[in-house]
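Derivation of every value follows stated rules applied to the coordinates shown; laboratory data play no part. All figures in this text were calculated on a predicted structure; none of them were measured in a lab. For neighbour counting, all protein chains shown are included, and Cβ atoms are generated from backbone atoms with ideal geometry for every residue, glycine included.
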Amino acid sequence: MRTFAEISINRWFMSQRKVRVRFAPSPTGPLHIGGVRTALYNYLFAKKYDGEFLLRIEDTDSQRFVPGAEEYIVETFNWLGISFDEGPHLGGKYAPYRQSERKDIYKKYVDELCEKRLAYLAFDTPEQLAAKRVEIANFQYDASTRMSMTNSLTCSPEEIKKYIDDGIPYVVRIKIEPDEDVVVNDLIRGKVVINSSVLDDKVLYKSADGLPTYHLANIVDDHLMEISHVIRGEEWLPSAPLHVLLYRYLNWNAPQFAHLPLLLKPEGNGKLSKRDGDRLGFPVFPLEWKDPKTGEISSGYRETGYLPEAVVNFLALLGWNPGNDQEIMNMNELTELFSIEKCSKSGAKFDYKKGEWFNHQYIQLKPDEEIAKMFLLILEENSISSSLDNVIKIVGLVKERVNFVKELWGQSSFFFVAPVTYDEKTVSKRWKPESAIQLTELGDVLAKMDDFSAHSTEEIVKSWIEEKQYHLGNIMNVFRLALVGESKGPHIFDITEILGKKEVLDRLKKAIETLK
Ligand code: GLU
């Protein structure tokens, strides 16, 4: 059986309108990781259907505007490889893409709604509204209360004119008729029916700053920018019935809606919050963010060492899956496989450990050279200089042990710095009375070798051990202790090949002197 979403999407294509989607953040601080997922799904949807994807900055609430937030958004998507076709940083046919620059556009529709008597002016002061809230429990500005308030429905035209002439600030509210079922056709949730009586007469416009509120600006722009599908977070579902009514009031076709599942806490119930990240030690923002007011720094995926490909892959699977258990998918594969129909209704647990797992997988998938170039920067920070070729080899040996590039240092520092101390536990377990003599003999064997490749060293050392009838394990353990300083590290003869003959002999000598 075909789902509602499949039928709707098919019908959409038969209508031959172009797919146009948008990401419409409000620049009120750093973008939450959930917002990044919303943008990613929009991007994948646009790519899949050969559509267009735009960035629109919803900055009509000047109170909540935070400087730097828009730049942060643009930088985030550059980093992740999610590109827009239009936006404030790119321009486009529907410019401007910042709502604060579209002020004049909205007023016309506010006036139209007022003229049609589908909206009205309200002059209630904050004090009057507060008094009403005390007077009436669960007060809501709606059909049941509006006739007892100060607005253009209750005042005479002369009074209204006087208020306006006197410069009394007002708001414009939508007039919602009670007791009507409003239907939101959602591609993920199916038919969502809300009775209009639960809705309030939301503010659409404030004369004080001449700006529309989110609701009006959002639908006017979606209409004017010819948005075909509104794909956004579940937190906007409660606004959707109001939006459906606004489209109807303005005689416009509503876009197709799809409300994505919430991102849930890694453990327990409820929405993922910054506090979860702080408590469990993972970022909830794509990039590091410094609060311009408090100076407080919040960690970001990029600075923590996540690869952008891993973040994209991880986020793609939070609320969607391709219908089989394939997990590793690059952007092209995601584009091909993504479908709104397969998004889930129920919230997606934010399993940050899975994010680390993805990073591990992408480190393994990337060519050693690429990882080595990143690692070289970390080596520089540790005042180590080494050739790229050498680092490529080392990366190849140890990368399977790390989730992050920066962890390579802990796994491989002994390649660059000879041990100065020897792990006590390992020494007491591995160092035998005969070890000094055996390592001296081993040094003599190695000193005679010309070909120091892993293969040939292994062959010669093993035949020497056999000949001497030494215990293989004992020799190998102290050999490793001498080279690494402890019992960790990759295959011992891979280590010797990279260190080279001189370094191996020096380390043997030093260990014998120190430990004998
Ligand atoms: N400005 C809203 C936000 O910050 C946009 C919601 C929507 O996509 O309609 O998420």
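Listed values, structure above:
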{"quantity": "Cβ charges +1 (Lys, Arg) and -1 (Asp, Glu), total dipole of the stretch 363-516, debye", "calculated": "480 debye"}
{"quantity": "Members of Lys353/Lys425; Lys116/Lys175; Lys271/Lys353 lying beyond 20 Å, as alpha-carbon distances in this model show", "calculated": "Lys353/Lys425"}
{"quantity": "Inter-site label distance for Asn330 and Leu505 at 7 Å from Cα along Cβ, in nm", "calculated": "4.6 nm"}
{"quantity": "Given Lys349/Lys406; Lys432/Lys510; Lys406/Lys502; Lys274/Lys342, the pairs whose alpha carbons are separated by over 18 Å", "calculated": "Lys349/Lys406; Lys406/Lys502; Lys274/Lys342"}
{"quantity": "Considering only the stretch 148-275, percent of DSSP beta bridges that pair antiparallel, nearest 5", "calculated": "65 percent"}
{"quantity": "Exposure proxy order (Cβ contacts within 10 Å, fewest to most) of Ser412, Ser463", "calculated": "Ser463, Ser412"}
{"quantity": "Normalised alpha carbon radius of gyration of the stretch 371-476 [divisor 2.2 N^0.38 Å]", "calculated": "1.31"}
{"quantity": "Entries in Lys47/Lys345; Lys108/Lys132; Lys393/Lys429; Lys132/Lys191 that, when Cα-Cα distance is taken, lie over 27 Å", "calculated": "Lys108/Lys132; Lys393/Lys429; Lys132/Lys191"}
{"quantity": "Local electrostatic count, Ile465, Cβ distance below 15 Å [Lys/Arg +1, Asp/Glu -1]", "calculated": "-3"}
{"quantity": "Most positive-pole-ward Cα, Val230, Met149, Pro255, against dipole of the chain from beta carbon charges", "calculated": "Met149"}
{"quantity": "The stretch 430-516, relative contact order [Cα under 8 Å, separation at least 6], %", "calculated": "45 percent"}
{"quantity": "Computed label-point distance, nm, for sites His455 and Val134 using a 7 Å Cα→Cβ extension", "calculated": "9.0 nm"}
{"quantity": "Spin-label zone in the stretch 472-489 - amide nitrogen under 16 Å from a point set 7 Å from the Cα of Ile384 along the C-beta vector", "calculated": "483-486, 488-489"}
{"quantity": "Local electrostatic count at Pro266 - Lys and Arg +1, Asp and Glu -1, tallied over other residues with Cβ under 9 Å", "calculated": "0"}
{"quantity": "Order of Arg146, Arg37 under a 10 Å beta carbon neighbour criterion, fewest first", "calculated": "Arg146, Arg37"}
{"quantity": "Local net charge near Met331, Cβ-Cβ under 13 Å (Lys/Arg +1, Asp/Glu -1)", "calculated": "-1"}
{"quantity": "Cα gyration tensor, the stretch 226-383 - rounded (a/c under 1.5), prolate or oblate", "calculated": "prolate"}
{"quantity": "Distance (nanometres) between label positions extended 7 Å along Cα→Cβ at Lys103 and Asp278", "calculated": "3.6 nm"}
{"quantity": "Unit charges on C-beta of K, R, D, E only; dipole of the stretch 174-264, Debye", "calculated": "100 debye"}
{"quantity": "Residue order, fewest to most surrounding Cβ atoms within 10 angstrom, among Arg401, Arg173", "calculated": "Arg401, Arg173"}
{"quantity": "Scattering curve values for the chain, log₁₀ I(q)/I(0), Debye with Cα scatterers, q = 0.06, 0.10 Å⁻¹", "calculated": "-0.45, -0.88"}
{"quantity": "Relative contact order computed over the stretch 1-150 (Cα-Cα under 8 Å; 6+ residues apart), in percent", "calculated": "19 percent"}
{"quantity": "Global geometry of the stretch 1-117, whether rounded, prolate or oblate, following the gyration tensor of its Cα atoms and the 1.5 cut on a/c", "calculated": "oblate"}
{"quantity": "MRE, 222 nm, helices only [DSSP H, n ≥ 4, -39500 (n - 2.57), over the chain, to nearest 500]", "calculated": "-14000 deg cm²/dmol"}
{"quantity": "Relative contact order (%) - criterion: Cα under 8 Å, at least six apart; region: the chain", "calculated": "12 percent"}
